[in-house]
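Q: Got a structure for you, questions after.
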Amino acid sequence: MKPRLSDIARIAGVSKATASRALANSPLVKEETKRRVLEIAKQYNYQPNALAQAVATKRSGILGFCMHKSQHPYFGHSFFGPMLDGAIEEARRHNYHILVAPADPANTTFDEHFIQDSIDGVILATFTPMEPIQEFRRRNIPLVLVNDAVPTPNNAFIVQDEYGGAKAVMRHLIKERGHRKIAFISDRLSHLSYYLRYLAYLDAHREYGLEIYNNPKIKLGNVWGKFPRPDRQKLEMLGQKVREIEGTPIIIEGIDSSQARDAVYPILMATDDKDLPTAIFAATDSLALGTIEAIWEAGLEVPRDIAVAGFDDLPMSAAFTPPLTTVHSNPFEMGQAAVQELLKLIADPQRDSTIRWVDTHLVVRKST
């Protein structure tokens, strides 16, 4: 016979309400009691009734996950897809479900149905405007930001070590490979991740006493795109500060490899040998792969003539020719961390704002 909640409670020696709260991982139940109830539930293969748990805990058991992204694919994206996978897996471990919604970064509000579905808390992934943050706060919905940080109270921020990963790339290119003329290519620098990678690029030059690459054939243009530059408060939260643009970074609008190829090829063809970079650090793997294509088309070789490194460690990067040196990021772990921090905020809505860092590491391959 299928066990009922009352059976689990009787065997555990607790009330039905306590058993229900324990199965919902409520902070109102002692950890020892939770473990006992969970062990008994597992032993008897008990599946809790979601509605009953919601009534007992006054929570829906639903977490919102919203991505600010303007282009498809949303959930098949190499960064957001694994992040969502990590969030779903971690939520399941705590008997929560994920409600997913995409949103265009140009929008400043969310679909009202997303909020009306009685979410217990929300995860906002990347480049988040203040309006929705304030709206969730007004409605007392706990909030976690992933891949962004905003100076606001009682929130959590999940960020990977962009700066440290980019610094490791530059250290590899300068100290281990001996490069002295290193170009940088990126999408708009108003994106916090790309800006932090650019700051590491600048700081590595200072650390090793090198002049920052400057090529008169590169037109600087609008490095921020349609968005404001990262502000002082946000950068200070992450241990950085606002810096002026130095050298001549190659800034394109987008992250497609074809855009990188089309931007880099004419620069290589128009640049004298003495001004050519000996290495190029791309802010993403897709830009790095497009850069390699441009180098080939210009009649040069990687890494003999120009070394190339990226950031993200996409699956295709290891299979490319030559395999790409890059920084391994971990969006899956970021998704897990987001749920963990959100559950802490649900348990204690007045918890101080925290920043949780996810590590990155350099993966050296044949492109450098």
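Q: If you count the DSSP beta bridges with both ends in the chain, what percent of them are antiparallel, to the nearest 5?
A: 10 percent
Q: Another question, if that's okay. Picking from ASP312, ASP85, ASP285, which is most flexible by a Gaussian network model of the chain using Cα springs under 10 Å?
A: ASP85
Q: Cα to Cα, under 19 Å, and not fewer than 8 places away if on the same chain: which lysines meet these conditions relative to LYS234?
A: List returned: LYS226.
Q: On a 0 to 90 degree scale, rounded to 10, what angle separates helix 162-171 from the longest Cα axis of the chain?
A: So the inclination is approximately 30 degrees.
Q: With a/c under 1.5 counting as rounded, go ahead and sort region 301-368 into rounded, prolate or oblate using the C-alpha gyration tensor (a ≥ b ≥ c being the square roots of the eigenvalues; past the cut-off, prolate if a/b is larger than b/c, else oblate).
A: Since a/c reaches 1.5 and a/b is larger than b/c, the shape of region 301-368 is classed as prolate.
Q: Looking at the square roots a ≥ b ≥ c of the eigenvalues of the Cα gyration tensor of region 118-169, which shape do they give, rounded for a/c under 1.5, prolate if a/b is larger than b/c, or oblate?
A: Verdict is prolate for region 118-169.
Q: Something else about it: Looking only at Cα atoms, what is the convex hull volume of region 1-43 per residue, in Å³?
A: Convex hull volume per residue, Cα atoms: 60 Å³.
Q: Calculated from DSSP H runs of 4 or more alone, at -39500 (n - 2.57) each and per residue, what is the 222 nm mean residue ellipticity of the chain, nearest 500?
A: The helix contribution divided over the chain gives -12000 deg cm²/dmol.
Q: Sticking with this one: Subtract the Cα-Cα distance of LEU28 and ASP273 from 0.36 nm times their separation in residues, and report this length gain in nm to one decimal.
A: 81.3 nm
Q: Specify which labelled value, from (1) 36.0; (2) 20.3; (3) 19.2, agrees with mean projected area of the Cα convex hull in nm² derived from the coordinates of the model shown.
A: Calculated mean projected area of the Cα convex hull in nm²: the matching label is (2).
Q: With a 1.4 Å probe and all protein chains left in place, how much accessible area per residue does the chain have, in Å²?
A: That works out to 47 Å² for each residue.
Q: What does the extension gain come out to for ARG180 and ASP348, with contour length at 0.36 nm per residue minus their alpha carbon separation?
A: Contour length minus the Cα-Cα distance gives 55.4 nm.
Q: Sticking with this structure for a sec: Against the longest alpha carbon principal axis of the chain, how many degrees, from 0 to 90 and to the nearest 10, is the axis of helix 331-347 turned?
A: The angle comes out at about 40 degrees.
Q: If amide hydrogens are placed 1.01 Å from N in the peptide plane, which non-local residues have theirs closer than 5 Å to the one on ILE62?
A: Here HIS97, ASP120 satisfy the definition.
Q: One-quarter of the Cα convex hull surface for region 213-368, in nm²?
A: Computed as one quarter of the Cα hull surface, the answer is 11.0 nm².
Q: Could you tell me how many degrees, from 0 to 90 and to the nearest 10, lie between the Cα long axis of helix 80-93 and the main elongation axis, the longest principal axis, of the Cα atoms of the chain?
A: Helix 80-93 sits at roughly 20 degrees to that axis.
Q: Taking all protein chains as present, what is the carbon and sulfur share of the accessible area of region 122-255, in % to the nearest whole number, probe 1.4 Å?
A: The nonpolar share, carbon plus sulfur, comes to 47 percent.
Q: For each pair in LYS2/LYS30; LYS42/LYS344; LYS181/LYS366, compute the distance between the two Cα atoms and list the pairs where it is over 22 Å.
A: LYS2/LYS30; LYS42/LYS344
Q: Using the basic label-point model (7 angstrom from Cα toward the beta carbon), what is the LYS16 to ARG206 distance in nanometres?
A: My value for the distance between the label points is 6.5 nm.
Q: To continue, here is another question. Using 1/(1 + (r/R0)^6) with R0 = 30 angstrom and r between the beta carbons of MET130 and GLU253, what's the FRET efficiency to the nearest 0.05?
A: Efficiency, rounded to the nearest 0.05: 0.80.
Q: Describe numerically, in nm with one decimal, the distance between label points set 7 Å from Cα along Cα→Cβ at ARG232 and at HIS361.
A: In this crude label model, ARG232 to HIS361 measures out at 3.9 nm.
The values are calculated or read from the model by the stated rules, or taken from the named source; none is laboratory data. Quantities reported herein were computed from a predicted structural model and do not represent experimental measurements. With ideal geometry, Cβ positions are generated from the backbone for all residues, glycine too; neighbour counts draw on all protein chains shown. Heavy atoms of the whole protein, side chains included, go into the accessibility calculation; ligands, DNA and RNA do not. Shrake-Rupley method; radii C 1.70, N 1.55, O 1.52, S 1.80 Å.
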